[in-house]
Amino acid sequence: MTDGHALPRRGPALTIAQVAERTGLSPDTLRYYERAGLIERVGRTAGNQRRYAAADLAWLEFLLRLRETGMSISDMQHYARLRAIGAATIPDRLAMLREHQAGLNERIRSLRRNAAALDDKIKHYETLLGRQPEAEQP
């Protein structure tokens with residue numbers, strides 16, 4: 001997945017409403033992301049209305065992936081600052097993503113263990129219900 005950095009800033013410019021619809025983020029959240037430094041200041045029209053380029057949308061999609069995988073806002077901000085500095089920070093960004101991935105993989109392993117325990121308990125109760133006389137079953 002790209003972090004949006006290598007995509008050109010040309011192409012059709014999208015309004016904040018169009019980006020909100022495509023990403024599922026509210027316009028207020030998009031404005032917050034800009035204020036918080038998660039996204040760079042987006043292009044503006046002569047009337048100062050935001051216009052998002054393809055690169056902005058790709059970067060937002062990557063931020064959403066980070067958020068969905070549990071990365072904190074402060075870590076996302078740190079990553080965004082490193083990204084804004086440029087190629088010299090690639091080793092640092094790679095290290096951040098590897099560390100985040102390791103934590104994510106551990107959470108996945110934990111969720112799988114917990115899901116297996118739930119499966120076992122469900123099977124146990126289904127077995128108990130299967131042993132009851134017909135009159136007692138719902």
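Observations on the structure shown:
- Of the residues making up the range 79-105, those that are open to solvent by 40 Å² or more (accessible area, probe 1.4 Å) and either closer than 21 Å to Tyr33 by Cα or touching a His at 6+ places or on another chain (Cβ under 6 Å) (or both) are Arg81, Ala84, Ile85, Leu97.
- Any hit, the range 55-78, residues being aromatic (Phe, Trp, Tyr) and either at positive phi or open to solvent by less than 30 Å² (accessible area, probe 1.4 Å) (or both): yes
- Glu40 vs. criteria open to solvent by 40 Å² or more (accessible area, probe 1.4 Å) and not basic (Lys, Arg): yes
- Gln49 satisfies every condition listed in (1) at pLDDT 95 or above; (2) open to solvent by 50 Å² or more (accessible area, probe 1.4 Å); (3) more than 26 Å from Gln101 (Cβ to Cβ) except (1).
The values are calculated or read from the model by the stated rules, or taken from the named source; none is laboratory data. All values derive from a computational prediction rather than experimental measurement. Every residue, glycine among them, receives a Cβ derived from its backbone with ideal geometry; neighbour counts consider all protein chains shown. Quick note on the areas: whole protein, heavy atoms, side chains included, nothing else; ligands and nucleic acids left out. Shrake-Rupley method; radii C 1.70, N 1.55, O 1.52, S 1.80 Å.
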